[in-house]
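The values are calculated or read from the model by the stated rules, or taken from the named source; none is laboratory data. Everything numeric here is computed off the predicted structure, so don't read it as measured data. All Cβ positions, glycine included, derive from the backbone under ideal geometry; neighbour counts span all protein chains shown. The accessibility values were calculated without ligands, DNA or RNA, using every heavy atom of the protein model including side chains. Shrake-Rupley method; radii C 1.70, N 1.55, O 1.52, S 1.80 Å.
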Amino acid sequence: MEESDLTEKVSKITEMKNTFEDEEDKVKEEEEEKKEGEEEKKNEEKKEGEGEEKKETEEKKNEDEDESENKKLKTFSDLVDLEDIQLLRITNVETGQYEELVPSELFSTFEDARKVFKAGSKFTENAIKYYNFDEYVTDFVEIKQDLSTMFKNLAHFEEDESRQCKMHKRRIDILTDLVSPLNIQHFRQLCRQLRFELGEAKNQMVSLKYSIAAELPVEQQNWKKINNLCFGAIQEFENFCNLLRDPNENFPETLSEETVKPYIVSQIYIARLYGKFRPLDTAQKVAFMGKAEEHFKAA
């Protein structure tokens with residue numbers, strides 16, 4: 001074989017080898033591209049599946065929430081009477097009729113004060129029709145306390161001391177009816193408030209009776225009744241102080257910020273009330289003075 005023929009043959013074999021390698025690389029690239037395409041398709045299908053699953057989860061969650069809301073509405077409709085809902089409906093937003101009942105300017109006469117008192121007492125009567133004692137104990141007591149305060153403020157404008165006494169007697173009746181049925185364990189704070197207010201009302205009665213008796217002839221002065229009022233007021237303040245004890249009847253070493261002032265005031269009131277007693281003899285007078293000193297020291 002000639003050299004030229006050999007060279008030509010080698011050249012053809014080399015060319016065929018290069019062509020084969022190019023074809024092989026091309027096939028590999030196509031396989032890789034196909035593989036990448038399949039992976040992308042799988043990822044997209046996976047994302048779509050996750051989206052569908054998330055959508056189903058959200059739909060189920062919404063269904064559960066709707067079912068829960070329907071249960072709440074059903075429970076609410078079972079508990080609430082349609083007549084009660086009708087009472088809550090506002091039929092008139094005009095307030096002029098109420099503004100006329102309560103003047104914006106200050107007043108100084110009993111007649112003006114009585115007009116406001118009548119309006120306020122009517123509002124309290126309407127309020128306790130809904131906030132009754134059996135279902136709304138705290139609200140009922142607070143409304144009645146407001147009525148007691150209205151009697152107290154009305155008495156301020158009354159010049160006749162005898163009529164003032166009647167107003168404070170109404171306060172005593174209201175507060176006594178409130179505190180008597182209350183369970184001390186469950187409504188201890190309310191009982192404290194009511195006992196302190198009762199003490200104040202009875203103490204005011206003592207001062208008024210004292211003033212009235214001082215203007216009467218000696219034979220008409222009823223000091224026995226005044227002594228009983230003094231004793232009643234002292235009992236109310238002592239009841240208040242005892243309600244500061246813990247369930248084991250131990251008095252706290254330090255009082256809270258909200259009870260320290262009423263406690264001190266109660267001790268001062270008790271001391272002064274012992275000083276207002278009309279004793280039967282000197283020995284009793286000395287005993288009362290000793291009690292007064294004891295409570296002044298406690299304050």
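Descriptive notes on the structure:
- Averaged per residue, region 105-218 has 58 square angstrom of accessible surface, using a 1.4 angstrom probe with ligands and nucleic acids left out.
- For region 180-193, 3J(HN,Hα) per residue [Karplus equation, 6.51 cos²θ - 1.76 cosθ + 1.60, θ = phi - 60°, Hz, x = Gly/Pro]: 4, x, 6, 7, 4, 5, 8, 10, 4, 5, 5, 4, 4, 4
- Put simply, when 253-260, 161-168, 232-239, 177-184 are sorted by average Cβ atoms within 10 angstrom per residue, most first, you get 232-239, 161-168, 177-184, 253-260.
- The distance between label points at Ala213 and Lys225 comes to 1.0 nm (points 7 Å beyond Cα on the Cα→Cβ vector).
- Radius ratio Rg over Rh of region 145-290, counting only Cα atoms, Kirkwood formula for Rh: 1.00
- Dipole moment magnitude, nearest 20 debye, region 179-299 about Cα centre, only Lys, Arg, Asp, Glu C-beta charged: 320 debye
- Given Lys118/Lys166; Lys122/Lys225; Lys129/Lys209; Lys224/Lys261, the pairs whose alpha carbons are separated by over 28 Å: Lys122/Lys225; Lys129/Lys209; Lys224/Lys261
- Paramagnetic reach from Asp246 in region 252-290 [backbone N under 11 Å; point 7 Å along Cα→Cβ]: 252-254
- Three principal axis lengths of region 133-223 [C-alpha, angstrom, descending]: 51, 25, 16
- Just the protein heavy atoms count here, and of the accessible area of region 149-286 at 1.4 Å, carbon and sulfur take up 49 percent.
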